[in-house]
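The next block holds one structure in the form of structure tokens; read it before the comments.
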Amino acid sequence: MRKLILPILVLALVLVSCTDNLTDLNTDPKNPTDVPGETLFSNAQVSLGTYLTEPDVNLNTFKLMAQYWAQTTYATESRYELTTRSIPSNLWSELYRDVLKDLDKSAEIISNDESLSDAEKTNRLASIEVLKVLTYSELVNIFGDIPYSEALNPDNTQPSYEDAASIYEDLMSRLNTAISDFDASASNFREADIFYGGDVEKWQKFANSLKLRLAITLADVNNSMAQTAIEEAAPNAFESNDDNAVIPFQAFPPHANPIWEALVNSGRHDYVPSNTIIDHMNDLDDPRRPKFFTLAPDTNTYFGGTYGTTNTYSAFSHFSEDVANDDDYEVKTATLPGTILEYAEVEFILVEARERGYNVSGSAQQHYNNAIEADMKSWGVDEDDISDYLSQQSVNYQTASGTWKEKIGKQKWLSLFLQGLQGWTEWRRLDAPTLNAPPEMTLEDIPERFTYPVDEQNLNTSNYNAASEAIGGDDLQNNLFWDVN
Amino acid sequence: MLRKLLSSSLGLVLCFMLFASGAIAQTGSISGTITDSNTSDVLPGANVFIQDIEKGTAASGDGTYIIEDVPYGTYELQFSFVGYQSQTKQVVVDSDEITVNAQLSPSEAALEEVFVTAYGIEQSQNELPYSAQKVDGDIVAQNRNDNFLTSLSGRVAGLKVSKSNGMGGSTNMVMRGYKSISGNNQVLFVVDGVPYANREFNTEDVEEGDAGYDYGNTAVDINPDNIASINVLKGPAAAALYGSRASNGAIVIETKKAEIGQQSVDVTFNSSVTASRIDQSTFPEYQMKYGQGYGPYYSGGSEPYFYQFDANGDGSDDLVAPYTADASFGPRFDADKMVYTWESFANSGPNSGQPQPWTAPENTPVDFFETGMTTQNSISVDGGFTGGYYALGYNQNNTSGIMPNSELDKHKLNFSAGYDISEDLHVSASVNYARTEGLGRPQTGYSTLLSQFRQWWATSVDIESQRDAYFRNGGSNTPWNVTSDLSGPFYWSNIYWSRHENYSTDQRDRYFGYTEARYDVNDWLSFTGRVAIDNYSQIIEERTNKPSATTDLPEYTQRKQNFTEFNYDLLANYDTQLSETIGVSGVVGMNIRRNHTQAITGTTNGGLVVPDQFSLDNSSNGILFPEETDEQLGVNGYFASLNLNYDDLVNIELTGRRDKSSSLPEDENVYYYPSASAGFIFSEIVSADWLTFGKIRASVASVGNTAPPASLTDRFNRNPSNFGRTPLYTLPNTKNNPDLKPERTKSWEVGLQMSLFQDRFSYDINYYDQNTLDQILATEVSRASGYQTKFVNAGNVENRGIELTVTGRPVVTQDFAWTVTANWNKNINEVKALAPGVDNYQLAAPQGDVTISAALGEPYGAIRGSDFIYQDGEPVVNSSGFYKSTASSNHIIGNMNPDWTGGISNRINYKNWSLNFLVDVRWGGDIFSLDQYYGQGTGLYPVTAAINDNGNNVRDPVSEGGGVVLDGVKEDGSPNDIHAPANTYAGAFGWINNPSANFVYDGSYVKLREVGLTYSIPQDLINRIGLLRSASVSVIGRNLLILHKNLPYADPEQGIAVGNVQGYQGAAHPTTRDVTLNLKLRF
């Protein structure tokens, strides 16, 4: 049987020889190492647009913070409980990881893409820059000081936090560079651009409109910078709703409007419109009500659930539904576009610019009317209803009561319905309208910022501690740097 | 079904018996009787064998044997029997009839017991220079439920076994504590020298406490009736030759094999039936004073706890139970009130359209559970022939679970055989097949069925009415929790709908086997070549039907996975005496391992078009891109061992292994595992009557480990759907690292083993210290880095502890013997280092505002959450009487590691009766209970409707003497006397006004784990029947009683699923008491 020894030895040799390519086994044949840069840009746009529209209580509770919406059974988030569901942490993941890092990588790939013309490359990089500026400004508006220049670098897993005001200044200068980089004669992202299909002129307007937003946010703390920026940007910003930066949600998941997914597709009944907004709109006889809401069952009235407490779903108005199957948008429409920045906001900024004495064209009243009209038109309100509304004494800019901040604050807040984050930001900045304290609220007052993610306390401890100290404590009640009045 | 199977099995048995009786009928010239040395009982079936002439036989029913035609000469006569120590006797055949009797000692008593260590190397316990423990195959086979692994619980010092989630649920097996921060901590399984994959299919969600199904793990595919012995190798020194996977300890299983040349056939038939009922102490006890609702929120006036509207159309308002609520802070039961409930609004049924008296229901959720039944039938045949042996078996197991619509069906086949082709060349092979089919596996985690019973339930719901409502209309979803417009299920579906319409099925086919050739060069050197294959394919289908509760959109998911592991081994074994006193033995060899896993998961999108049609192409919208995995790992290893034995006094063992792995960078992919062990048998030089045996031993080892596949290079992930026509790619959440190095485990241990007074008392004590360094871990990083996790080499987890096994034989007489064995382990775990600058590694952030973490300086598995605020050790309440809570959820409020674990097993033999029982103890270790966190908040448990110090119900308004005074102090430090309101979900109980720390419980338990009573049919009766060699009937009870626990209404042993996240309970399954009746026949 010695003849079997030989085959065994041969087998052994075969085994030894097949061991050469060990490293080749370590591949992942199902996921690529290189992808086109625009696929990352598109993904960042989807992530950003979806995030801002999202009503998921784990991610985006700003429709509650701004008191547009109220909760039915579990009134936890509307009482400003943020940690149970790790909301700050989840939103960092969304914005840093899914938006900013994809933008960052997209920029890196596009910079190295030799098949692109210089002009197109510059346009693409400028578009990426605009979205980065927007996203960072949202993060600052939520938290204050945040990781910024050390962020997005996996080699530095403990980025330090930077002063919010300095970040704002830097964002402004980056935005200025991007604006000047755009070249309308060259191509941009083309069909990979979900917001504008690669239209450079629209990107220019979007960038200028964003500049207006950053500037007006700074107005109370850095009037000169605000004034310069607004005077530069005003002539180049949005001119109609056609210019709006929106994400055109699809008819079915997973890229349908997340509001539709939460209110319709899930079949859940977690939200009703809040009494805060419905009461204000009832006072003003607002013609947007049938666009936003249904009548409360068995009544002829719009009736909102009490903010910050438990509400019986069936007792209140609900969000509007697409019953007529017409072209108008209702809240519960899968294809309702998600707004990133719209023309109405630009016009409201210009009202304020006039009031602050900046050199922009048009009167405050004119811009105020334009703003309201633009918002109403985007919801399909009739021209007649719009003019009736504008002529009401309580609405008319000349006759309405209150300071300009109060007048602008209330109307801007109404027009930002569904844009919870911006609605809450404007309320904090303009201190109008009056929001309701939730019954049995344990906090001293309505939050002025979010607390940092719990995992920052664990994973980035020393920087977290330094940042907390710098802003006077990681507290819901601390005002942001721009919120001085 | 059972009857059919029994009759067919018996037919099979009869066939074998004809064959067997033909083989036994011989006469011979060596004869004798084989008996048990303790009891002097005869041992039918014990083997006798003469190696030189390859002749042998087995003892007949009266324990006698005859070997005929033995040529004159001198022979070694070997006696062996399962469960007994082998014995060799020299015999000189020089006359026609030689009588040789043998007394065999049970192997439990044996220090001579043979251990199977790495690569099939056999060593007696005398020789072992490191810690190992052996469990007899019979013990394992005796446990006739669907998971034989659980029978190891409490039997091995240092091994922690826990099974979760009921039928087919996964089994967590961790040796000497958690070592790897983010990797696998489960022990390695080795069957007949070949690694046996123990994988699980639970999603990451399930492992972190979210909803899903528990599909168990694959080590249970082994046929328990084919297990001869289980050798547990505890430390890296013992396991170093197996490579990195054995750093968590190894469970080395030897299957049953007959001796070559054994001229007999051993046929064993086992048939059992097990009944399982829930242990009510592990299920909620509900308050039965108040019904459905969240509080006085539903209407004005005098009955705010009810809805008030015109339910019957008579023009006046009626009282309506808050059917939208999934809580029990509702109206107080009052038989005088006629109330409309979910039953009134159901389409049909006795109460449709009718109000009912507002009373507590007759049937509560405990009545939901059925009696689970398991039948297990097996037949195994093993025998030998000249120059060879064979073994074959079939095991069939059918379980119907305690929940409706749940079933588990298993078929296991095994065949192995060996043959001496020539004097020098021996070939053998083994093939095993296992088929597992599951239906309605247990759902685990948040928002599953048990979440309803434990967290979100209305105590006013009658479970029988739910059942009737489902079946009445041919299976309709008639929920107890209805939307406010009464259109259908709100947060929860009809319970029976959930079980019958939303369920999973799964099917696994597994092949495991090897072929092996051994060439004996001479009497001290042999070469062995072996190719082994382990392969399974698994398909899982998960269904959610329409119209289900609002949270469950109709959905169908299909998951397929194919796994293969190839092992090619080439070994040279040597064993020789260099001189009278010095013996050397060991192995030199190589191992090539290749793993390949391929998986694909597809899920429907946006619902199903045709109800009840579960296929991907029935998706309402275009399905998402399927998720594909294709992963390979290759390791090439070379190893050698040298065991030096000096005069049976000193044993020294040196081992080394070099691995080269595919998943590490090319210049860092080689790592080494040295180990050195020594044992000194001091009883050889100490002569004392009381000292039977004594040994001290010490060992030191270092093992390496490789990275998970494909963790070096960055990849992009496709978003599962285009946006319109625009394709989307994103960066993954984990940053890979091209500079990874192998991770290292360094360990040492010392042990003392003594046996006193002729084995009447023996013990084995061991101290170990193990550090797992430079761990390859996907550490969490600040999200601001653009990633969630990043692969790094960092961290050090230390485990050190004491293992103690004590065996006593207080009584040993002719008819009565009692053996007691106690196992005890105290493991001290500490996370000594994490990634630089990081003091916490989060393992999971499940519901309940808690996280489970590896926290620096703490034992692995710290539970973090919001804590009480203390003043002089007393929790402080605020002005409303609610506990004050820390603002952050970052406080360490518990730890999952027990202080110690242990078990006491007893075996008592009296004549034909044998009784064994096992008490299993876990002491300490914390559990966060999400069930209490939410369930107290929704008013399910008696504490939420107790009588307070005023003699009033705590739910009465504080103004009327109600409310509860919580233990603690007021902010001024004086004892709390504030009555906190407890009349709504936002009161003194539950999650809203309490820190998470209020729901952390001590996880200790003392369980009567197993009681077995066996009656062996007396041998003279067996002899009269003739056919049988032995027969026994057993009654075995498992988990009969929890003697002690502190966690209310749940079993502390129930966890999430197999994995690193423990110390957390949410939607825990009740534990079952299992009683088995088993018939065992040997022919």
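Summary table
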| read-out | value |
| --- | --- |
| Above-threshold pairs, the threshold being 19 Å between Cα atoms, out of A:Lys377/A:Lys412; B:Lys55/B:Lys257; A:Lys332/A:Lys412; B:Lys163/B:Lys1007; A:Lys132/A:Lys202; A:Lys291/A:Lys377 | A:Lys332/A:Lys412 |
| Chain B, relative contact order in percent, only Cα pairs under 8 angstrom and at least six apart counted | 11 percent |
| Delta accessible area of at least 20 Å² on complex formation, residues of segment A:88-125, 1.4 Å probe, chain isolated as reference | A:Trp92, A:Ser93, A:Tyr96, A:Arg97, A:Lys101, A:Asp102, A:Lys105 |
| Exercise: per-residue mean of other protein chain Cβ atoms within 10 Å, B:626-636 | 4 |
| Whole-Å distance, taken between Cα centres, linking segment B:470-511 and segment A:71-125 | 38 Å |
| Debye log10 I(q)/I(0) for segment B:944-1083, one point scatterer per Cα, at q = 0.09, 0.10, 0.18 Å⁻¹ | -0.55, -0.62, -1.07 |
| Estimated FRET transfer efficiency (A:Glu406, A:Ser240; beta-carbon r; R0 30 Å; 0.05) | 0.65 |
| Probe 1.4 Å, accessible area per residue of segment B:310-384, Å² | 37 Å² |
| Spatially proximal aspartates and glutamates relative to B:Lys741 (Cα-Cα < 12 Å; intrachain offsets below 8 disregarded) | B:Glu666, B:Asp667, B:Glu668, B:Asp774 |
| Between segment B:671-734 and segment B:556-600, the alpha-carbon center distance in angstrom | 15 Å |
| Given charges at Cβ of Lys, Arg, Asp, Glu: the protein assembly as shown dipole, positive-most of B:Gln308, A:Ile277, B:Gly387 | B:Gly387 |
| Over segment A:374-485, volume per residue of the alpha carbon convex hull, in Å³ | 149 Å³ |
| Given charges at beta-carbon only (K, R positive; D, E negative), |dipole| of the protein assembly as shown in Debye | 3980 debye |
| Segment B:598-656 pair-distance distribution - Cα-Cα, 10 Å bins, rounded % | 18, 21, 13, 9, 10, 12, 12, 5 |
| Mean separation of Cα contacts under 8 Å, 6 or more apart, over the residue count of segment A:162-227: relative contact order % | 24 percent |
| Protection-proxy order for peptides A:210-220, B:1069-1079, each taking the mean of Cβ atoms within 10 Å per residue, highest first | A:210-220, B:1069-1079 |
| Positive-end residue, chain A charge dipole about Cα centroid, Cβ charges, pick of A:Ser462, A:Leu64, A:Pro29 | A:Pro29 |
| Within straight-line cross-link reach of B:Lys337, lysines at Cα separation under 20 Å, skipping those fewer than 8 residues along the same chain | B:Lys289 |
| Descending Cα extents along the principal axes, segment A:270-311, whole Å | 27, 21, 15 |
| Alpha carbon convex hull of segment B:290-404, projected area averaged over orientations, nm² | 11.7 nm² |
| Buried area at the B-A interface (accessible, heavy atoms, 1.4 Å probe, summed, Å²) | 7300 Å² |
| Dipole magnitude of segment B:240-386, debye to nearest 20 (Cβ charges: Lys/Arg +1, Asp/Glu -1, about Cα centre) | 740 debye |
| Lysines whose Cα lies under 25 Å from that of B:Lys911, excluding same-chain neighbours fewer than 8 positions away | B:Lys1080 |
| Scaled radius of gyration (Cα, divided by 2.2 N^0.38 Å) that segment A:129-288 gives | 1.27 |
| Segment A:116-217, relative contact order [Cα under 8 Å, separation at least 6], % | 32 percent |
| Within the accessible area of the protein assembly as shown (1.4 Å probe), percent carbon and sulfur | 50 percent |
| Estimated inter-spin distance, A:Ala119 and B:Gln103, nm [label 7 Å along Cα→Cβ] | 10.6 nm |
| Chain B - convex hull of alpha carbons, volume per residue in Å³ | 196 Å³ |
| Gain upon complete extension [B:Ile802, B:Asp509; 0.36 nm per residue less C-alpha separation] | 101.4 nm |
| For the protein assembly as shown, projected area of the alpha-carbon convex hull averaged over all directions, nm² | 61.3 nm² |
| Euclidean distance of C-alpha centroids, segment A:225-261 and segment B:134-154, integer Å | 65 Å |
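The values are calculated or read from the model by the stated rules, or taken from the named source; none is laboratory data. For clarity, every value in this text was computed on a predicted model and none was experimentally measured. Every residue, glycine among them, receives a Cβ derived from its backbone with ideal geometry; neighbour counts consider all protein chains shown. SASA here: full protein model, heavy atoms, side chains in, ligands and nucleic acids out. Shrake-Rupley method; radii C 1.70, N 1.55, O 1.52, S 1.80 Å.
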